[in-house]
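Contents: one structure, followed by commentary.
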Amino acid sequence: MKIAIFFTYDYSIETLNKSGLLERELRIYRKLKEIYNIDFILLTYDEEFEPIIKEFSEFEFIPLYKNFKKSNNKVVRFIKSFIIPFKIKGILHGVDLLYQHQLLGMWIPLILKIVLKKPLQVRTGYDAYLFSIENNDSFYKSLFYKYLTKLALKFSDLYTVTSDCDRKFLSEKFSANHIKVVPNWVDLTKNMTSNKDKNKVLMVGRLENQKNYPLAFDFLKIVGSSLGLDIYGSGSKYSNLKTLSVEENLKVNFFGNTSHVNLMHEFANYNYFLTTSVFEGNPKTVLEALSNQCIVFASNIPNHKELIKDGVNGFLFSDVNELVDKFNFIKNNPSECEQIRLNCLSSLNNNEIANVAKLMYEDYRSLVSFK
């Protein structure tokens, strides 16, 4: 079986590598190749590749802008993207399935579906239309994502999401009946450390309004100066958050982006993980915190509630006072803390990488006709 994976529109190998996400994004395809011997062609928005692709020699990479001049103008580049399918159709005749990784860019494999008469699967890790609404994006941006979602749902042979919340939202909004939930994966084979830092809290995520870091700062102010906060991630709010932490005299460290491998080593060193997000998809950071047996404190939003059972494998909070109360409770009850850590792994069976790979393979088989 050969599958063509289309990256998110305008995302390059360099983009993912700088963000530290490249190895993680490709690991599930490595697992699928290892277990089911699937061949993958990865189509990315590059002009040429970084040397790093040598680490992924089991895949074939196609840089879409190598023989197709990339315009510096975003509008012109978007318009010209509709020509890409006709430029690459000759090298994709042998593929069995077209697979769009994230919604943005799906028009390219959609055109190829029509031209090559191949099945199309669209996979979204979060719902772009719902996020645009939650972000209070412009009317036209939300409208674009609405109709792009509608187009993808109408013409894809299978549409997968990572959370039941997203499935319900799309089913209600678009009356779609071919949506399937395939959760994000975690690796449960790594070694755990018992020497976890109990004087610091870990947060991981983009430095944007969605993540609501000021609430975490309010939490620090209440619990006192003995507790520190380490944040991994980058974003447009870095300067504002850095200034705020200094003005409030808080012990906050900003570490920027790091590779996924390094990040997993860091997760293992912390006893507490905090996420204050206002909205989410199926957050990988929460899954990875659970897989490292961190005590997770997560804002009480629908997508977090799919992963965290309050008081069992972590804690949910609706405001800063509830967060403080639950943090102080678990800090002063070591036996409860250990029980929750034990429950973390048992709550992740559906997310274990081999189990997710099996679900994905079954989807591929359902779409591909074998002679």
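Observations, loosely collected:
- Of all residues in region 279-315, exactly one satisfies the criterion of being among the small types (Gly, Ala, Ser) and more than 27 Å from residue 258 (Cα to Cα), namely 311.
- Meets criteria (buried (at least 17 other Cβ atoms within 10 Å of the Cβ) and on the phi < 0 side of the Ramachandran plot) for residue 29: yes
- Taken as a whole, the structure places residue 88 among residues that are more than 30 Å from residue 212 (Cα to Cα), among the hydrophobic types (A, V, I, L, M, F, W, C) and out of contact with any Phe, Trp or Tyr (no Cβ under 8 Å at 6 or more places or on another chain).
- Number of residues in region 161-173 that are of a type in the set (Val, Ile, Thr) and assigned to a helix (DSSP H, G or I) equals 0.
- Members of region 220-248 that are without any contact (Cβ under 8 Å) to a residue 24 or more places away in the chain and of a type outside the set (Gly, Ala, Ser): 240, 242, 243, 246, 247
- Flag for residue 335 being assigned to a loop (DSSP other than H, G, I, E, B) and out of contact with any Gly (no Cβ under 8 Å at 6 or more places or on another chain): no
- Single residue of region 338-371 satisfying the filter (not polar (S, T, N, Q) and not in a helix (DSSP H, G or I)) that is surrounded by the fewest Cβ atoms within 10 Å (Cβ to Cβ): 371
- Test for residue 295: is it on the phi < 0 side of the Ramachandran plot and open to solvent by less than 10 Å² (accessible area, probe 1.4 Å): yes
Condition check ((1) over 21 Å from the mean Cα position of the chain (by Cα); (2) within 24 Å of residue 341 (Cβ to Cβ)) across all residues:
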position: 229; (1), (2): yes, yes
position: 232; (1), (2): no, yes
position: 235; (1), (2): no, no
position: 256; (1), (2): no, no
position: 260; (1), (2): no, yes
position: 265; (1), (2): no, yes
position: 271; (1), (2): yes, yes
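- Filter pass, residue 18 being surrounded by fewer than 16 Cβ atoms within 10 Å (Cβ to Cβ) and not in a loop (DSSP other than H, G, I, E, B): yes
- One residue stands out among those in region 167-226 that are among the β-branched types (Val, Ile, Thr) and over 17 Å from the mean Cα position of the chain (by Cα): the one that is surrounded by the most Cβ atoms within 10 Å (Cβ to Cβ), which is 201.
- Residue identified as farther than 24 Å from residue 27 by Cβ and of a type in the set (Ser, Thr, Tyr) among 291, 299, 259: 299
- Exclusive hit being out of contact with any Lys or Arg (no Cβ under 9 Å at 6 or more places or on another chain) and either more than 17 Å from residue 230 (Cβ to Cβ) or in contact (Cβ under 8 Å) with a residue 40 or more places away in the chain (or both), set 332, 292, 257, 269: 332
- When residues in region 21-35 are screened for being over 23 Å from residue 235 (Cβ atoms) and outside any helix (DSSP H, G or I), 0 of them pass.
- The one condition from (1) within 20 Å of residue 208 (Cβ to Cβ); (2) within 16 Å of the chain's Cα centre (by Cα); (3) surrounded by fewer than 20 Cβ atoms within 10 Å (Cβ to Cβ) that residue 240 does not meet is (2).
The values are calculated or read from the model by the stated rules, or taken from the named source; none is laboratory data. Note that this is a predicted model, so its numbers are computed, not measured. Here the Cβ is made from the backbone with ideal geometry for all residues, glycine too, and neighbour counts use every protein chain on show. The area values use the complete protein model at the heavy-atom level, side chains included, leaving out ligands, DNA and RNA. Shrake-Rupley method; radii C 1.70, N 1.55, O 1.52, S 1.80 Å.
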